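*Asks:* My questions will all concern the structure given below.
Read the figures in this text as sums done on the coordinates, not as results from a lab. Keep in mind the model is a prediction, meaning the values are calculated, not measured. Cβ placement follows ideal geometry from the backbone for every residue including glycine, while neighbour counts extend to all protein chains displayed.
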Amino acid sequence: MTAAISFRAATKVFGTGRDAVRAVDSVTLDIARGEIFGVIGYSGAGKSTLVRLVNALETVTSGEVIVGGQNITELREPELRKVRAGIGMIFQQFNLMSSRTVAGNVAYPLKVAGWSKQDRKRRVAELLDFVGIADKARTYPGKLSGGQKQRVGIARALATSPSILLADEATSALDPDTTQDVLTLLQRVNRELGITIVVITHEMDVVRSIAHRVAVMEQGAVIEHGAAYDVFASPRQRATQRFVATTLRDRPSPEVLERLRHRHPGRMITVSVREDVGTGVDVFAGLRTHGVDGAIVFGGITEIDERPFGSLTVELGGDDAAIEALIADLRQTTDVHDLGTAADPRDVPWSAAAEAPAPEDETTPAGVGPDGVRSGGVGLGGVSSGGDAGVTRPFGGAR
Amino acid sequence: MNRDWSELTPILVESIRETLYMVSITIGVGGFLGLVFGVLLYATRKGNLLENAFVFAILNVAVNIVRPIPFIIFITAVGPLTLATIGTTIGNDAVIFAMSIMAAFVTARIVEQNLVATDPGVIEAARAMGASRLRIIVTVLIPEALAPLILGYTFLLIGIIDMSALAGYVGGGGLGNFAIVYGYQRFNWEVTFVTVIVIIGIVQLAQVLGNWLARKALHR
């Protein structure tokens, strides 16, 4: 089966000479039909430009973009308009026409596509019903809340029954509750209508809750991509690790660990919780089998792509030999980090990420290798838990 | 004064009629041309829908040259063009011709400035829906900027009334001519004051109407 969208060494350069910025740098990527594909990156990483290459709001400087089997790189404006009409797009600022009512906004793409007035009326009613704002048809956008505006945006984007929906930071201007509502709606769009969705975001929670597969962008390049669960459960690149750290601070930072050791001087271990390994059951069963006391002192479990992910930090008490045997047992099934005891502490492997220097300004293309992969990630399964934005939420991410 | 007014009233009424005639033709012709020029100025600017450095530069320079010329000088300066186009350089029609040209360039700037404030995201959304550039200009750009455009045209209307007062200098009529000929030149202050009050009335009416329409166009 051909991919819904294929990028082949797609590159977009803005400006010329010394001012030239490689907004998208040699991206090769396939987005399959019917999936929700997340593109995550900090602002200036090039993700908005990448998504605009799909509907040719921006055109590539070199490389190719293939949409639905059609190479759109060679198309001229009138043909591109047809391609665009088959791709829906929603925006961070909703971009509704303030001079038209909700129904007028949703009807606009149908007018462009040449639908009759009667058909438009029927379709608009159907769409507003689908997104749950049928009662707002005659209201002007200025009177709607953010969440309602985005629903109108989604209805408008779906009007001509596109096969692809592009969501450019579609929830970034919404509060957390509304964000969840809109994400749930996008999930429905994907499941009930079978529409391929490309979600551009800088918010890890968005990708975590709906993306099947994900690409992480930095300085115009895709630095890591794959199944959302795999990418975030074992992030290889530092940017990815930082994103994971924003969604779940399940591992104690060195400062937190310092306090923990004060309260819990005994042996502490951090056990990874994954879909297939190291579930809470394993930990508790192990404790029972080996006759070891255990107290959960830190941790968190959340979901990525609807599968469990996180870790538990446990203080162990009892016979030393039994503790060693338990740790050995757990190591059979999952990652275990031995934190030692207050008297004999061991370094946390993930603190390395926190101490690493901050990445350079994301808008400058410097520092990217020819293959677009940044060198110098951090070691083994380390999750950054630096003291930057966000709060420590023991179990806070569990849902 | 009573002796005068029985004679003057019909002339005043005729002057009002002439002013309204000159102003309405000018706002129709000049306003429409100005809308086209203004849209082109906006759309040909770098990064916009019809990006075209050449057209933009020509229009931009033309507007900058014409706009600052005092209108009384402009009427005579476009004389040859007026003669070539309508066959005379005197009378109301000659003034209307000059006013329309001036109004077109003034309007171009007003329109451009109001379009610049349009949210580029809305334009992008329309492009993403597959709308053509011309369709976007007519069905998105102008409707989205309608309220400020109405206020801009109200401002323009008042400027045109101002310009029309100079018609008397080249053999035209209207309220300006009335005030000069029957007021100033005959030392009749009363006529001048009455004319001023009539003009204030017309301007107020235009402004109230413009504000009302703009508010209706603004769906907030």
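*Asks:* Evaluate peptide A:96-102: per residue, the Cβ atoms of other protein chains within 10 Å of its Cβ; return the mean as an integer.
*Replies:* If you average over the peptide's residues, the count of other-chain Cβ atoms is 6.
*Asks:* What does the charge dipole of the protein assembly as shown about its Cα centre add up to, to the nearest 20 debye, if the Cβ of each Lys and Arg holds +1 and the Cβ of each Asp and Glu holds -1?
*Replies:* Here the protein assembly as shown has a charge dipole of around 2260 debye.
*Asks:* Could you work out the relative contact order of chain A, using alpha carbon pairs under 8 angstrom and six or more residues apart, expressed as a whole percent?
*Replies:* 17
*Asks:* Would you work out which of B:LEU8, B:THR89, A:LEU165 lies farthest towards the positive end of the dipole of the protein assembly as shown? Charges go on Cβ: Lys and Arg +1, Asp and Glu -1.
*Replies:* After comparing all options, I get B:LEU8.
*Asks:* A:LYS149: which lysines have alpha carbons under 18 Å from its alpha carbon, excluding same-chain residues fewer than 8 sequence positions away?
*Replies:* A:LYS136
*Asks:* Please report the relative contact order for segment A:146-240, taking Cα pairs under 8 Å with a sequence separation of at least 6, and give it as a percent rounded to a whole number.
*Replies:* Rounded, it is 22 percent for segment A:146-240.
*Asks:* Still on this structure, I have one more. Helix B:2-44 against the longest principal axis of chain B: what's the angle in degrees, Cα atoms only, rounded to the nearest 10?
*Replies:* In chain B, helix B:2-44 runs at an angle near 20 degrees to the longest axis.
*Asks:* Further question on the same structure: What GluC sites (Glu not before Pro) does segment B:1-108 have in DSSP loop regions with at most 12 other beta carbons within 10 Å?
*Replies:* Those that pass, being in a loop and sparsely packed, are B:GLU51.
*Asks:* Please report, for the Cα atoms of the protein assembly as shown, the Rg to one decimal and the Dmax as a whole number; what are they, in angstrom?
*Replies:* Spelled out, the Cα radius of gyration and Dmax of the protein assembly as shown are 34.3, 126 Å.
*Asks:* Something else about it: Among A:THR302, A:ALA9, A:ALA245, which residue has its Cα furthest toward the positive end of the charge dipole of chain A, with +1 on Lys/Arg Cβ and -1 on Asp/Glu Cβ?
*Replies:* A:ALA9
*Asks:* I would also like to ask the following. Helix A:280-290 sits at what angle to the longest principal axis of chain A, using alpha carbons and giving 0 to 90 degrees rounded to 10?
*Replies:* Taking Cα atoms only, the helix is inclined about 10 degrees.
*Asks:* Between B:ILE11 and B:TRP189, what length in nm is gained on full extension when 0.36 nm per residue of separation is reduced by their alpha carbon distance?
*Replies:* 62.4 nm
*Asks:* Let me ask you something else. Write down the Kirkwood hydrodynamic radius of segment A:3-240, to one decimal in angstroms, obtained as one divided by the mean of 1/r over all alpha carbon pairs.
*Replies:* With all distinct Cα pairs of segment A:3-240 included, I get 18.2 Å.
*Asks:* Which FRET efficiency, nearest 0.05, do B:VAL36 and A:LYS82 yield, Cβ-Cβ r, R0 35 Å?
*Replies:* Computed FRET efficiency for B:VAL36 and A:LYS82 comes out at 0.75.
*Asks:* Which whole number gives the average, over all residues in B:144-151, of C-beta atoms from other chains lying within 10 Å of the residue C-beta?
*Replies:* 1
*Asks:* Here is a further query. From the C-alpha coordinates alone, can you work out the Kirkwood hydrodynamic radius of segment B:74-176, in Å?
*Replies:* 15.8
*Asks:* Let me ask something else. On a C-alpha basis, how far is the centre of segment B:158-172 from the centre of segment A:151-180 in Å? Whole number, if you could?
*Replies:* Each part's Cα centre sits 55 Å from the other's.
*Asks:* With angles folded into 0 to 90 degrees, how steeply does helix B:189-217 sit against the dominant principal axis of chain B? Use alpha carbons for both and round to 10.
*Replies:* The angle comes out near 20 degrees.
*Asks:* Please work out the FRET efficiency for the pair A:GLU64 and A:THR16, using the Cβ-Cβ distance as r and a Förster radius of 30 Å; give the result to the nearest 0.05.
*Replies:* The computed FRET efficiency comes out at 0.85.
*Asks:* For a paramagnetic label modelled at 7 Å from the Cα of B:ASP4 toward its Cβ, which residues of segment B:179-212 fall within the zone defined by backbone nitrogen distances under 20 Å?
*Replies:* Those under the cut-off are B:179-201.
*Asks:* A follow-up question, please. With only Lys, Arg, Asp and Glu charged, each at its Cβ (+1 for the first two, -1 for the last two), find how big the charge dipole of segment A:103-172 is about the Cα centre; round to the nearest 20 debye.
*Replies:* 360
*Asks:* In square nanometres and to one decimal, what's the mean projected area of the convex hull around the Cα atoms of segment A:245-312?
*Replies:* Result: 5.0 nm².
*Asks:* What does the convex hull of the Cα atoms of chain B come to per residue, in Å³, rounded to a whole number?
*Replies:* 129
*Asks:* Using R₀ = 51 Å, calculate the FRET efficiency as 1/(1 + (r/R₀)^6) where r is the Cβ-Cβ separation of A:SER172 and B:ALA77; round to 0.05.
*Replies:* After rounding to 0.05, the efficiency reads 0.40.
*Asks:* Please work out the C-alpha center-to-center distance from segment A:241-269 to segment B:92-135 and express it in whole Å.
*Replies:* 60
*Asks:* So, one more: Suppose every K and R has +1 on its Cβ and every D and E has -1 on its Cβ; what is the size of the dipole of segment B:15-149 about the Cα centre, in Debye to the nearest 20?
*Replies:* 160
*Asks:* Taking the Cα-to-Cβ direction at A:ARG33 and at A:ILE296 and moving 7 Å from each Cα, how far apart do the two end points lie in nm?
*Replies:* 4.3
*Asks:* Would you be so kind as to identify which of B:LEU213, A:GLN93, B:VAL170 lies farthest towards the positive end of the dipole of the protein assembly as shown, taking Lys and Arg as +1 and Asp and Glu as -1 on Cβ and the Cα centre as origin?
*Replies:* Of B:LEU213, A:GLN93, B:VAL170, it is B:VAL170.
*Asks:* Given an 8 Å cut-off on Cα distances and at least 6 residues of separation, report the relative contact order of segment A:3-240 as a percent.
*Replies:* The normalised contact order for segment A:3-240 reaches 27 percent.
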